[in-house]
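First up is the structure itself, then whatever we jot down about it.
The values are calculated or read from the model by the stated rules, or taken from the named source; none is laboratory data. The model shown is predicted, which means the values in this text are computed figures rather than measured ones. Cβ: placed from backbone, ideal geometry, glycine included. Neighbour counts: every protein chain shown.
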């Protein structure tokens, strides 16, 4: 390993494939077993948790202790030691084909950046039923890496994760599990495809998110539908934008600071969507993540129930993911705060907002149902809705003209293109609506097309 490659790993910090330890200690067996039971990884001695190099004296005695520890695991763990920069030791742990391994303290599995203790029967079931090579780790030698890798998405990931742009791209991608190299040629893994290709459905046709809005309480009258098939992060953001257009959002302005309050907390919705794309069963090719918006609730579902090895009683308290590399990448991008905290966070946010508890269903699919704030719901709990008057099912979503008025009221400098993107219609359709609003003397253009602004003459039109 070169100095540049080590610096790249340190920049990324601890993760699914990487563990830093200042010194050799008794936890070394636990870390070895956890990596061997998962996808392999490296333990670096002489590096502090914060990434600073403290260094370690690499002696024959130390090397002997390490290999003895590996042999004392049950069954023994296969490792390789490499001296880096004279004072850093890499212990490379290979993924085992003799799973499961254990120490005297029990069975451990790498989950995120931690070695997590598992019950014996749970980990045996998980490792017996789960594939030796998991979906997100599979090499895609049928996809041209150079042609389909998006530098724009990579730079966005670096910005989100706080990794310096000067990091060695290939070394970082390999460390993250997004790329593997065979015979000096680079290939995506499925995890890399999900994060770093712009048109993911070209290679993983079932990886898109479908959003559906119903105008009735049952799955009968479809008001609107939209499919999103970009990379995972863009899909999540597009889905949130879609939801925002269909639900009530209150705007509060305090000391020139504009704050949006969604009837279901935005962060709770984001957590639910992230959970659905990270933990879904991608081996189930006949289904996708679906977000259904009803007048009284939002249901987010994904193929695949609870991961094997996770009991229903442990749901929300314990973390086990079927797509560990994807989860690690999303945690790096800070879309996951900490593995295992998403569901408790949703519950906490709903409680703080005074909303009913979310309901969860597990079978071949996993779903979460979130209750919306509506006038009917507000009356049932004895409160008055702060999101406007009750709407009939046919009126639960705004008309395009009303959306235009609302968006212009929020930003008088908004462009035709931005209006079209926010509403989900063509530029020409927006122009037609604006012409009608002008004739009705509801909307007026002040100044030139460039540099001018819109002025709403009759803002109450959006409440009709």
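So here's what we get for this one:
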item: Considering residues of segment 416-440 that are surrounded by 14 or more Cβ atoms within 10 Å (Cβ to Cβ) and not in a helix (DSSP H, G or I) only, the residue farthest from the chain's Cα centre (by Cα); result: 425
item: Failed condition for residue 133, given (1) under 25 Å from the mean Cα position of the chain (by Cα); (2) assigned to a loop (DSSP other than H, G, I, E, B); (3) at pLDDT 90 or above; result: (3)
item: Residues satisfying the stated conditions in segment 356-374, i.e. within 12 Å of residue 298 (Cα to Cα) and assigned to a loop (DSSP other than H, G, I, E, B); result: 358, 372, 373
item: Strands (runs of 3 or more DSSP E) contained in segment 59-125 and holding at least 1 residues within 30 Å of the chain's Cα centre (by Cα) and over 15 Å from residue 25 (Cα atoms); result: 88-93, 106-111, 114-118
item: Residue within segment 277-285 that is in contact with a strand residue (DSSP E or B) (Cβ under 8 Å, 6 or more places away or on another chain), more than 15 Å from residue 323 (Cβ to Cβ) and surrounded by 18 or more Cβ atoms within 10 Å (Cβ to Cβ) present; result: no
item: Filtered residue count, segment 46-62, keeping only those that are within 17 Å of residue 79 (Cα to Cα) and surrounded by 15 or more Cβ atoms within 10 Å (Cβ to Cβ); result: 2
item: Residue selected from segment 179-220 under the condition in contact with a strand residue (DSSP E or B) (Cβ under 6 Å, 6 or more places away or on another chain) and assigned to a loop (DSSP other than H, G, I, E, B), by the criterion nearest to residue 137 (Cα to Cα); result: 208
